[in-house]
1. How large are Rg and Dmax for chain A when only the alpha carbon atoms are used, in Å?
2. Taking the mean number of other Cβ atoms within 10 Å as a proxy for protection, how do you rank A:327-334, A:586-593 from highest to lowest?
3. Taking K and R as +1 and D and E as -1, what net charge do the other residues with C-beta under 14 Å from the C-beta of A:MET394 add up to?
4. Going by amide H atoms built from the backbone, whose H comes under 5 Å of the H on A:LYS118, apart from near neighbours?
5. Would you list the membrane-span-like helices of chain B, meaning whole DSSP H runs whose alpha-carbon atoms span at least 24 Å along their axis and whose mean Kyte-Doolittle value is at least 0.0?
6. May I ask for the angle, rounded to the nearest 10°, between helix A:587-599 and the longest principal axis of chain A, with both axes built from Cα atoms and the value confined to 0 to 90°?
7. Taking amide H atoms as placed 1.01 Å from N in the peptide plane, list the residues 5 or more away in sequence, or in a different chain, whose amide H sits under 5 Å from that of A:ALA235.
8. Compare B:ASP55, B:ASP137, B:ASP75 in a GNM of chain B, Cα atoms joined below 10 Å, and give the one with the largest fluctuation.
Amino acid sequence: MSIKKYRVIFLPENLEVQIEKGNTLLEAALAAGVHINASCGGTGVCGTCKVKIVSGDVENEPSQKLTKAEFAKGYRLACHSHIISDLTVGILPESRLDNAIQARENALLARVSTLNWKYSPPIQKYYLELPSATIDDNTSDISRIRRGLKQQFDLEGLLIDFDVIKKAPQVLRELGFKITITILNALEQDDTCLRRIINVEAGDTREHLYALAVDIGTTTVCSQLLDLNRGKILANTIVFNKQISYGSDVITRIAYTQKPEGLLKLQKLVVDSINETIDNLLITCNVDRNDISYISAAGNTVMQQILLGLDPKYIRLSPYTPTANFIPLVKAAEQGINVGNQVYLYTFPSVSSYVGGDIVSGVVASGMYQRNKLTLYMDLGTNGEIVIGNSDWMVTASCSAGPAFEGGGIKCGMVAMNGAIQDFAIDPKTLEPEIKTIGDAKPRGICGSGLISAIAGFMLAGVIGQNGKYNNQLKSKRIREGTDGWEYVLAWAKETQIGQDIVLTEIDIDNLIRAKAAMYAGCDTVSRSVNIACADFKQVILAGNFGSSLNIENAITIGLLPDIPRDRFVFIGNGSLSGARLVNYSQDISQATLRVARMMTNIELSENNEFNQNYIAAMFLPHTDEQAFPSVTKALGNHINSIQKSEGG
Amino acid sequence: MAIVIPKTIYNGKVKEIKLGSDMQAVSVGGENCFPFYLFEGAMPHKPVIAMEVWDSGTEDWPVAALEPFKDVISDPAAWANKCISEYGAEMICLQLVSTDPNGMNRGATEAAALAKKVADAINVPLIVWGTANIEKDTEVLRAVAEACQGKNIILGPLEEKDFKKIGAAAIGYHQTVIASSPIDINLAKQLNILMGNLGIPENALLMDPTVSSIGYGIEYCYSVMERIRAAGLTQSDDKLQYPLICNISKETWKAKEAKVTEQEDPLMGDAKKRGILLEAMSALILALAGGNILVMRHPEAIKLIKGILDELYVPSK
């Protein structure tokens, strides 16, 4: 006789599933595709899988995680409720919020994202209506607050910032002992969590709980303003890192810090850049500066050290030691960041001198540490990083690609924002271009993804040779000799926002070839060192500041990415920023970052002979080793044949 | 148990290329094994010696190098013929030193006329070597290609910056070209790919890996040549299967070790012997690394190396 099946309906989505008797509600939810938080994995310890039984009956094991009152109202733990009848079950808002955020994050990160995290921001606000001080109850102000937190929220053993103590007396009395307390859960290096009162405000300010996620790139600084009540991105912004006038790569930046006042100056510049993004965001969203409660920042080791004013001198000198791989929270205002002095700054743990918090952040956001399929993660930035591995192991390396991917060091280059040419096609007969800009605005310049598609288009149309040099025999008024040698006019002055021709010079092409060669050679060298061929990668995750899209086909054509089946590639945008956002959403994520940072093994490429060989081999379009790029070589061969034929005829 | 001698597995072959016009052709390359590994494969042609003829600038030569050519030094055609008839040169390499814009800066037309004169006067293939000045070589070698139409002469050096224009002329007038790269296997391969894209036929391309004298980094050249051969022969990399030409004597005879006289430094010993040995031994090293054409100068150095190559070149039964 078959085992009896029951029908379970989950509200509010009204999702229905048929499930065998005796299964738990958690299993039923999984089968129905309904998300229920279950941080402990269904062992009944965490109590996060709480649901409400609307109708029907379940068999329960007792749990300390439910109060008697809750039990009476029909609340149960899904993991410990066995199905014994048809049921209608309500999913609680806590779970739903989490669900919605995860779904949104999943959409943001396309097919890859980190799993199994609970929405639990490190910052929480608690509203207290305390009894006024009287002669009979004249305990200290702080004791009063502590007593309230204990009575109303069962919170005790909290640390408290001195700044809170200083302002508490006035704030308490401002609106008759009605206050909002902000509590920070700070994760320490040993995985312990310390709770700390960081702010007290008059009245109920719970509605205003914002945080900032920042990606500090060598070339660009990107920030997002987050609404922590809704787990929502309110706005994005991107600016050039103001340090770029002091060198385009981390090495020259380090060199500059060794000059008198050099470190101080660069520290101020990156802080200015962050402050500029904050100003942009606050204006866009009409949010009060004082309502920002937390900042998380991810950057490469050098960027993070300079931001914190830590001398990066020894990063540059063999044997390349960073100051610290884990840095405790510091007050953001003390670093010069223009926010209230209650705000703490979280910086990501790093792996080595050249594999920093940005890559740890990206790997966490991509979830590659949770899956067993062999993955290649590439962060295409000025300081390019490569991670190879899966949930069991990860090796990583960094290589200096230069700023080309972010539009730096390119004559008409710009960051991926409105007006940047992000896609390009060329008519092989007339050699006329078709350009697509971000926001469909009139072009102002070209960003990384635009460069990649332009160069791929040029290659296949025979406008440039495999060495990246223009074929100046071609008859087109767009190919001309300019002040920096041969160039192609992407847009004439009258079509642009800037009133001058937007061109792509041979020097620009050369810069991009160097950048892509460094990335590919790094990937080649690291994979060979672990005896893996490019074809073995089951998934390739790409991160970078390319705006909304990166054309994989074009990136393969120029030899930036390995020539393997296209469906294995996923582009996740700015991975470092995604990770920085997620630590604001969940303490589980901050724990994961610590684990990921410890898991990674660094391979030093700076003194690696093989890397140098591979680099020269990759300085060609697509690559000197044509066998590694069969589909590109084939496409290119067809074009070359047709060109030779037409010239011969 | 009998000892089994391990054998290299080859899956490629150096392209066999016929140089010069049909009347006076010389073939190079064609080996399907490492140089002189005749116990593992076939090497149809021994390395070929091309003798140098300079159109000017010999006043800087050491006495020993100049001595055999004193009587013909001002007449390149006669010089070339003396090399062939008296010293057994299998090819001639005309070095157009006079066209150097930092020196005499002789014009392209004049240089082309000279190249044609030499080509007409000899019955072996002619190599015409420029000054490695991008603009000037473009001008001169294009003119030479045109003037020597029908001779299948060999033009070099063609570098990444000038291969297109010189290469186009070479294709047009059916000449062979030398792809010259700066001691790097990847750059060598890249240039060969570009040559192919341009339309240079596979049987009209030689590679110059850039060489230097003993004492001036020859180990590095050796290693790059060895890797080029290994890629072509054992990894069937068809872009690295072209014959290698080594323009070596120019390098050895300008070295201090060849130039200093015995009077200036008695410890260095007999200058003539020294210069000859430096040239011969440098050339031998490059032959062992896979050189197919050795550009040489002194008759005695040539005699010496030919003797050694004959001894090495004993096909196994």
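1. Rg then Dmax for chain A, in Å: 27.9, 106.
2. On the way: A:327-334: 17.2, A:586-593: 21.5.
Output ranking for A:327-334, A:586-593: A:586-593, A:327-334.
3. Values: positive: A:ARG371, A:LYS373, A:ARG595, A:ARG598; negative: A:ASP379, A:GLU385, A:ASP392.
Net charge in that neighbourhood comes out at +1.
4. When sequence neighbours closer than 5 places are left aside, the close amide H contacts are A:ASP588.
5. Details: long enough: B:271-289 (27 Å, 1.15).
Qualifying helices, which must be both long enough and hydrophobic enough, are B:271-289.
6. 50
7. The answer is A:LEU225.
8. For chain B, modelled as a Gaussian network with Cα springs under 10 Å, the answer is B:ASP75.
None of the figures in this text is laboratory data; all of them are computed from the coordinates on show. Here the structure is a predicted model, which is why all the values come from computation and not from measurement. Positions of Cβ are backbone-derived with ideal geometry, glycine not excepted, and every protein chain shown enters the neighbour counts.
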